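To start, the structure itself, in structure tokens.
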């Protein structure tokens, strides 16, 4: 009685898997082509708009994101445009590049493992909706995988020059999230010991890698130094970023529960079982992939937010490791072959269609954006250039500004440092900057959302955390309208539209506020 699948049966199964995976990739493109960019993308787009208007990052623009996030977004907009369709092609390019890099990494073992990981990741992240697409962590993960592909190719082909693009890709990933620094340095240990075992000198490889890192550093310095923004960057990195990192922490159990998709409750036990039972000892390349999975977990938990996009690197390396173990087992004999086939069938024939169905059923739009655009057009349109202010996070206000080409009266890209716990340092500092700027250049229109980041809730009561500004807003501005609620990201979001009162009334309120400021 035959208990093990034959080679022919495995070959036919592999063809079926490859066909389903390619069909899944096509489905992702077709099902998501209509998506609009939203969530954090609007902040990145809006900052590019500010840069194009001559604003200086970190010096004029008070934002916590790293320079690499701005640079990659600006490059993407220059190549694909700032519209919704261009954004989709940008993400398709990212996912295609990641999948190709995964195939290069897996090729000596089984290229199907790379296709498996890339397509399943695309549909998994797509099943979460358009707000997760082209996130900074996704761009960072793509760069890491490109770096991996060049690293492995350099050692495989004994071609040290390929370590240059490895260093550049990893360096650019560092410019997006500094958590990559220790991982990039540790990653150099793998080729170091692998080359030493072959009695080859790793020196030239390491030097090319360091040259790549130096190129990334040069890109950073070229972005900041001519604008005299390096000191401001270090200030925000040392003050505002640590403050943000203390906010909105879920419990450890929630972090663990959100760390990986539920499918990994099946993937991981099978993968560990196959890895332990393998007769062949894992080489340094396999350990490098496992190290990437380990790093992805550390990166997710260190950020302590539990956001889906924070687990992207964790998920990608996990899927590649799973794919490598499953395809290796399918080439083996006995029970490992059967288990490998069942694991592959679970991913390709069960999880892929389920996620594709979820993606197909998503028709998410941010209904707040066109409403806010109409309000801004009604209240002045182009005449609001430099005379409008958003007090929002990622609800839709900055998307409306970007689509209308409007620059705010201040360069704050969120209100997290205004309505959060007063630490006695960061909050008073940025409140004073904002207060001084709106006194010098009072915005004609203020758009206030009820999104309250620090409380992870939605309420206009956030104004009560800053009574001085609340009183100024109520005296110097009139409430023109309240828009919403809009169902967005699973929450109910509303906006208040405030319009500056007549000049005489404003002068009176300003005098009163100056008196209040003097008494503070």
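Could you work out how far helix 368-378 tilts from the main Cα principal axis of the chain, as a 0 to 90 degree angle to the nearest 10?
Relative to the chain, helix 368-378 is tipped by roughly 30 degrees.
Rank the residues 483, 437, 135, 280 as a footprinting-exposure proxy: fewest other Cβ atoms within 10 Å of their Cβ go first.
In order of increasing Cβ crowding within 10 Å: 280, 437, 483, 135.
Using 10 Å bins from zero, what percent of all Cα-Cα pairs in region 174-278 falls into each bin?
Pairs per bin, as whole percents: 11, 21, 26, 27, 14, 1.
I'd like the orientation of helix 467-476 relative to the chain: the angle between its Cα long axis and the longest Cα principal axis, in ° from 0 to 90, rounded to 10.
With both axes taken from Cα atoms, the answer is about 60 degrees.
Divide by every residue of the chain the summed helix terms, -39500 (n - 2.57) for each DSSP H run of at least 4, and state the resulting mean residue ellipticity at 222 nm, rounded to the nearest 500 deg cm²/dmol.
-20000 deg cm²/dmol
Below 8 Å, C-alpha to C-alpha, sequence gap of six or more: please give me the relative contact order for region 23-360 in percent.
After rounding, I find 23 percent.
Could you tell me the relative contact order of region 368-519? Use alpha-carbon pairs under 8 Å, at least six residues apart, and round to a whole percent.
Relative contact order of region 368-519: 21 percent.
Considering every Cα-Cα pair within region 289-385, what fraction, in whole percent, is farther apart than 21 Å?
62
Over the alpha carbons of the chain, what is the largest minus smallest coordinate on each principal axis, giving the biggest first in Å?
93, 50, 40
What is the Cα centroid distance between region 173-232 and region 269-286, reported in whole angstrom?
Cα centroid of region 173-232 versus Cα centroid of region 269-286: 30 Å apart.
Give me the extension gain from residue 22 to residue 203: residue separation times 0.36 nm, minus the current Cα-Cα distance, reported in nm with one decimal.
Gain on extension, residue 22 to residue 203, equals 61.1 nm.
With only alpha-carbon atoms in the gyration tensor, what are the semi-axes of the equivalent ellipsoid for region 368-519, in Å, largest first?
Square roots of five times the eigenvalues give 23, 20, 14 Å.
Would you order 362, 352, 33 from fewest to most other beta-carbon atoms within 10 Å of each residue's own beta-carbon?
Starting with the residue having the fewest Cβ neighbours, the order is 33, 362, 352.
Please work out the ratio of the alpha-carbon Rg of region 326-436 to 2.2 N^0.38 Å and round it to two decimals.
1.93
Considering the Cα positions of region 227-295, please state its Rg to one decimal place and its Dmax as a whole number of Å.
My reading of the Cα-based Rg and Dmax gives 20.0, 58 Å.
Could you give the angle, 0 to 90 degrees to the nearest 10, between helix 426-440's Cα long axis and the longest principal axis of the Cα atoms of the chain?
Relative to the chain, helix 426-440 is tipped by roughly 50 degrees.
What's the Cα-based Rg to Rh of region 48-90, Rh via Kirkwood?
Using Cα coordinates only, the ratio equals 1.01.
Over what distance in Å are the Cα centres of region 461-478 and region 67-129 separated?
Answer, in whole Å: 44.
Going from the alpha-carbon gyration tensor of region 160-231, what semi-axes, largest first and in whole Å, does one get by taking the root of 5 times each eigenvalue?
28, 12, 8
Let me know the shape class of region 383-439, please: from the alpha-carbon gyration tensor, a ≥ b ≥ c as square roots of the eigenvalues, rounded when a/c is under 1.5, otherwise prolate if a/b is greater than b/c, or oblate.
oblate
For region 142-182, report the translational diffusion coefficient in µm²/s to the nearest whole number, using Stokes-Einstein at 10 °C, 1.306 mPa s, and a Kirkwood Rh over Cα pairs.
158
Between region 323-380 and region 391-455, how many Å separate their Cα centres?
If you average the Cα positions of each part, the centres end up 35 Å apart.
Any number yet on Rg/Rh for region 1-102, C-alpha, Kirkwood?
Radius of gyration relative to Kirkwood radius: 1.24.
Using Cβ counts within 10 Å as a stand-in for footprinting exposure, how do 336, 470 rank, fewest first?
Arranged by neighbour count, lowest to highest, 336, 470 become 470, 336.
First check a/c for region 102-225, with a ≥ b ≥ c the square roots of the eigenvalues of its C-alpha gyration tensor; if it is under 1.5, answer rounded, and if not, answer prolate when a/b is larger than b/c or oblate otherwise.
oblate
I need the calculated FRET efficiency for the pair residue 357 and residue 482, taking r as the beta carbon distance and R₀ as 41 Å, to the nearest 0.05.
Approximately 0.65, to the nearest 0.05.
How large, in Å, is region 440-483 by the Kirkwood hydrodynamic radius built from its alpha-carbon pairs?
Computed over Cα pairs of region 440-483, the Kirkwood hydrodynamic radius comes out at 11.7 Å.
For the chain, give the share of DSSP beta bridges that are antiparallel, in percent and rounded to the nearest 5; count only bridges with both residues there.
75
Would region 420-459 count as rounded, prolate or oblate if I go by the C-alpha gyration tensor, calling it rounded below 1.5 in a/c and otherwise prolate when a/b exceeds b/c, oblate otherwise?
Note, shape of region 420-459 comes out oblate.
First measure r as the distance between the Cβ atoms of residue 335 and residue 265, then evaluate 1/(1 + (r/R0)^6) with R0 = 25 Å and state the FRET efficiency to the nearest 0.05.
Result of the calculation: an efficiency of 0.75.
Values in this text are rule-based calculations from the coordinates and carry no lab data. Everything quoted here is computed from the prediction, not taken from an experiment. In this analysis, Cβ positions are derived from the backbone assuming ideal geometry, glycine residues included, and neighbour counts consider all displayed protein chains.
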